[in-house]
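K.L.:
I have a structure I would like to understand better, so I am pasting it below and will then ask my questions one at a time.
The values are calculated or read from the model by the stated rules, or taken from the named source; none is laboratory data. Keep in mind that this is a model prediction, so the values were computed, not measured. All Cβ positions, glycine included, derive from the backbone under ideal geometry; neighbour counts span all protein chains shown. Calculation scope for accessible area: heavy atoms of the full protein, side chains included, ligands and nucleic acids excluded. Shrake-Rupley method; radii C 1.70, N 1.55, O 1.52, S 1.80 Å.
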Amino acid sequence: MNENILVAIAWPYANADIHVGNITGSHLPGDIVARYHRLRGNKVLMVSGSDSHGTAITIKADQKGLTPHEIYSYYHPRFIELFQRLGISYDLFTSTHTENHFSIAQKVFLTLLENGFLKRDISKQWYSPSQERFLPDRYVEGTCYICGAEGTRSDQCEKCGHELEAEKLINPRSKVDGSTPILKETEHFFLDLSTLEPRIQEFLKEREDYWRPNVLRQSLGTIQSVGLKPTSITRDLEWGIPVPLDDWQGKCLYVWFEAVMGYLSSTVEWSDLNDNPIAWRDWWTNQQAKSFYFIGKDNITFHAVTWPAELLGMGADFDRRMESFDPQPLVLPYDVPANEFMNLEGKKISGSHNWAVWGLDALDRYDSDALRYYLTTSMPEARDTDWDWEEFFQRNNNELVATWGNLVNRVLGFTAKHADGVVPDIGDATSPARDAFVEQVAGLVAELTDHMEHNQLRKSMGALRDLWAAGNAFWNAEEPWKLADDPEARAIVISTALHHLRLLAILGAPVLPDTSPRVLAALGIDDLPPWPTDVAAAYAALPPGTGIEVPSVLFAKIEPEQVAAWSDRFGCGDDA
Ligand SMILES: [Zn+2]
């Protein structure tokens, strides 16, 4: 049965270029999973956008002497350029700075307010006496009151990952001028998470048996140990989405409260762009639809607790506010497969310290499939991983060039020379070696498919490599070049190997979307066939007599000197 799949990918802040850690953390796994589900015939929508609000943007603007809008307008097109060149196949990559997003976010706010989940409260906020203004969370840093980390932001600790209550920060300092801020009263709205807690717990428990341990620990584990308190969702800030109420001028929705709504607003925008204004409901009110949120571990709470709380609090009333004929509750996240971090040669990637491999720079130097492949083999799914230059070129040279690329060239080159350049007609003929090979392949395809179904992309690369190696082993063992006197036996080997190339090009397409279609084109196939479910049938899929071609070089070898020359100059892409 075909499924409706929403691939929701973390919204990058439009205040810095995207580096390999961001790519392997969210955009690439989301893209691979989206491509996989499209091959399965599922109805996939893949969305994200630039997070253009909040103090991450205003701080950068202050540093540069520009407006927040100018900062967002510089980075947003660079994100789109990167995704296009890297083959990240968004159906829509928009931003939070659109009329549509403002309208949806304000609708969400009003729905939650009407349903009684938003409470007004006077709270204390850091205020700068020297600047005579409230300081947003990111403008204040100090010591984390949970783990003791120094220099932590007041809203979230980068060390322990916890969201923080800003006013509890120890030894606060203003990042603007280093002065000590004071706590001053201000009125804000709070999302009443304590009232929603039993429903959030129930939602998480229903997913306990398949969510990643780290995600459960930071969501269900936190609730069970310390519970949920109301969380403030407005800020004293001009840049952002205004609170849609009279007498609330100068206050806007907290960036995290509204940014997660982007998953919803972008599907509405996509629907409008496609002249089908209710299409978004296929993913949001069809309770069978599955939504996958690809994010980094620093954003788990917002996706596994805050966003589900907003959805639960709205019930069917958001859909009603959208004037739907038959209002339904919105679909809760099916999975939040958050990734850990990728470091760079053992040190944490840092844009501001110029310790990063920037996506656009890397694409100027290396092929997109080479980058995608390496980043998938090193995807930080269960623990932090490391970008390692030696491993990058070794994997490219030994696995893409010498194993997969070589298999393609050997088989197609031999067919061109010794089989008239066409797929041989072998009828129902087979051999014990072919039967054993197809059986071995079927086992590996089942393994690969299982990993893809469970978003275990790094493991899936192991199965793909085994399939490449199995193809080479079959070809080496059968030695078709020694079968000139036995044309039937030779035809069986060639036919099997050609079909193996077709199968591997399909299975590899989610990770290698640039080169896989070229392998298929060499076999006379223009459109990507569906993901194979019957492996035996896949070895009889090519019409006999189909002309084949030998493609030009699929994967370029990377010389170690090329890597050494560049790895001395990290971070040359950012304007920082
Ligand atoms: Zn901490």
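K.L.:
Here is a list: 334, 263. Which entry is of a type in the set (Ser, Thr, Tyr), closer than 17 Å to residue 8 by Cβ, at pLDDT 95 or above and open to solvent by 40 Å² or more (accessible area, probe 1.4 Å)?
P.N.:
One residue alone meets the criteria, 334.
K.L.:
Can residue 466 be described as out of contact with any Leu (no Cβ under 6 Å at 6 or more places or on another chain) and either free of Cβ contacts under 8 Å to residues at least 12 places away in the same chain or not hydrophobic (A, V, I, L, M, F, W, C) (or both)? Talk me through it step by step, then tell me what you get.
P.N.:
On the way: out of contact with any Leu (no Cβ under 6 Å at 6 or more places or on another chain): no; either free of Cβ contacts under 8 Å to residues at least 12 places away in the same chain or not hydrophobic (A, V, I, L, M, F, W, C) (or both): yes.
For residue 466, the condition - out of contact with any Leu (no Cβ under 6 Å at 6 or more places or on another chain) and either free of Cβ contacts under 8 Å to residues at least 12 places away in the same chain or not hydrophobic (A, V, I, L, M, F, W, C) (or both) - is not met.
K.L.:
Filter the stretch 116-161 down to the residues that are open to solvent by less than 20 Å² (accessible area, probe 1.4 Å) and either out of contact with any strand residue (DSSP E or B) (no Cβ under 8 Å at 6 or more places or on another chain) or part of a loop (DSSP other than H, G, I, E, B) (or both) and list them by number.
P.N.:
Passing the criteria: 135, 136, 144, 149, 154, 155, 157, 161.
K.L.:
Ok, one more. Please give the helices (runs of 4 or more DSSP H) falling wholly within the stretch 342-415 in which 1 or more residues are without any contact (Cβ under 8 Å) to a residue 24 or more places away in the chain, within 20 Å of residue 472 (Cβ to Cβ) and in contact with a Leu (Cβ under 8 Å, 6 or more places away or on another chain).
P.N.:
Values: elements: 359-365, 368-377, 389-394.
Hits in the stretch 342-415: none.
K.L.:
List the helices (runs of 4 or more DSSP H) that sit entirely inside the stretch 203-295 and contain at least 2 residues that are farther than 30 Å from residue 184 by Cβ.
P.N.:
The helices (runs of 4 or more DSSP H) meeting that bar are 213-216, 222-226, 262-273, 281-284.
Residue-by-condition table, conditions (1) within 16 Å of the ligand (Cβ to nearest atom); (2) open to solvent by less than 20 Å² (accessible area, probe 1.4 Å); (3) β-branched (Val, Ile, Thr); (4) modelled with pLDDT of 95 or more:
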residue: 192; (1), (2), (3), (4): no, yes, no, yes
residue: 197; (1), (2), (3), (4): no, no, no, yes
residue: 216; (1), (2), (3), (4): no, no, no, yes
residue: 247; (1), (2), (3), (4): no, no, no, no
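K.L.:
Out of the residues in the stretch 70-82 meeting the condition of being in contact with a helix residue (DSSP H, G or I) (Cβ under 8 Å, 6 or more places away or on another chain) and open to solvent by less than 10 Å² (accessible area, probe 1.4 Å), tell me which one is nearest to residue 58 (Cα to Cα).
P.N.:
Applying the filter and picking the extreme gives 71.
K.L.:
Oh, and also: Just for the stretch 467-492: of the residues that are among the charged types (D, E, K, R) and buried (at least 17 other Cβ atoms within 10 Å of the Cβ), which one is farthest from residue 210 (Cα to Cα)?
P.N.:
Looking at residues that are among the charged types (D, E, K, R) and buried (at least 17 other Cβ atoms within 10 Å of the Cβ), I get 490.
K.L.:
Further question on the same structure: Which residue pairs have Cβ atoms closer than 6 Å, lie 6 or more positions apart in sequence or on different chains, and pair a first residue in the stretch 46-75 that is more than 19 Å from residue 241 (Cα to Cα) with a second residue that is charged (D, E, K, R) and not in a helix (DSSP H, G or I)?
P.N.:
Matching pairs, first to second residue: 46/91.
K.L.:
Yes or no: residue 563 in a helix (DSSP H, G or I), surrounded by 13 or more Cβ atoms within 10 Å (Cβ to Cβ) and not hydroxyl-bearing (Ser, Thr, Tyr)?
P.N.:
Numbers: in a helix (DSSP H, G or I): yes; surrounded by 13 or more Cβ atoms within 10 Å (Cβ to Cβ): yes; not hydroxyl-bearing (Ser, Thr, Tyr): yes.
Considered against the rule, which asks whether it is in a helix (DSSP H, G or I), surrounded by 13 or more Cβ atoms within 10 Å (Cβ to Cβ) and not hydroxyl-bearing (Ser, Thr, Tyr), residue 563 comes out as yes.
K.L.:
Here's a follow-up. When the stretch 162-185 is examined, which residues are found to be within 14 Å of the ligand (Cβ to nearest atom) and open to solvent by less than 50 Å² (accessible area, probe 1.4 Å)?
P.N.:
164, 166, 169 - these are the residues of the stretch 162-185 that are within 14 Å of the ligand (Cβ to nearest atom) and open to solvent by less than 50 Å² (accessible area, probe 1.4 Å).
K.L.:
Return only the number of the condition from (1) buried (at least 19 other Cβ atoms within 10 Å of the Cβ); (2) of a type in the set (S, T, N, Q); (3) more than 16 Å from the ligand (Cβ to nearest atom); (4) within 27 Å of the chain's Cα centre (by Cα) that residue 201 does not satisfy.
P.N.:
(1) is the only condition that residue 201 fails.
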